[in-house]
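Structure record follows, encoded as structure tokens.
No lab work stands behind these numbers, since they all come straight from the coordinates. Only a predicted model underlies this, so the values are computations on that prediction, with no experimental measurement involved. Counting neighbours? That spans all protein chains shown, and the Cβs are built from the backbone with ideal geometry, glycine included.
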Amino acid sequence: MDPVHIVIVGCGRVGSGLGTSLVGQGHTVAIIDRNPKAFRRLPPEWGGATVVGSGFDRDDLDTAGARRAGALAAVTSGDNSNILTARIARETYGIPHVVARIYDPRRAQIYLRLGIATVATVSWTIDQVRRRLLPDEMLGEWSDPTGRLTLLERELPERWAGKRLGDLSVPGEVTLVAVTRAGVARLDFADLVGQEGDLLHAMVTDSARQHFIARLDGSSDAATTGARP
């Protein structure tokens, strides 16, 4: 991937860690923060730029190189500030890749549907804890803005061990996209036979979600035939 100039607004733990990682990958980075002391979180050898200012002040954004930026991340501690910064980045500067960190999950869904990529911190944390508390629960990794498609992650039920995993796919409704076995993700699963401990990753339409769960759990007649009734 060619180097990209990236503007980060907020030099907290997320912003400083993100900036350090991106510079290490060869990208140019400028971080904006109101508090000059926040830049102490950056390592002494960090090779990016720092700007004391606001993510929705155009002079500060210009100083950070927003007009040539290929991406911007708004990761301050304020939802309103992050959304305003993201909108200016998209609408004024035309930055193609913009993401805003949002603490309120309800707001995150609203802005996602408006085309502003968001990361809902609280929702992500809750989801990760649930995954470890209830490993057998069917959980969504990702959903498209309309909510019609969801990428689901589920440990293979014991009843599917020894069966062909490719049979889980249903054209237009369910597509098995990957299988993780012994910690290794695999795409060559068309003729792969299920084993205990396999982790399934499947793209499922909203209307087919419950049927897919029923097939896995054995509460559908289709589970024994590999086809929809």
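Assorted remarks:
- Applying a DSSP loop filter and a limit of 15 other Cβ atoms within 10 Å to the trypsin sites (Lys or Arg not before Pro) in segment 13-78 leaves nothing.
- Gain in span if fully extended, E196 to D62, counting 0.36 nm per residue against the direct Cα distance: 42.8 nm
- Volume per residue for segment 5-125 equals 93 cubic angstrom (convex hull of Cα atoms).
- Taking segment 4-26 and a reference point 7 angstrom along Cα→Cβ of R40, the backbone N atoms nearer than 18 Å belong to 10-17.
- Net charge dipole, segment 53-115: roughly 300 debye, given to the nearest 20, about the Cα centre with Cβ charges of +1 for Lys and Arg and -1 for Asp and Glu.
- Here the label points at R113 and S77, each 7 Å from Cα along the C-beta direction, are separated by 3.1 nm in the simple model.
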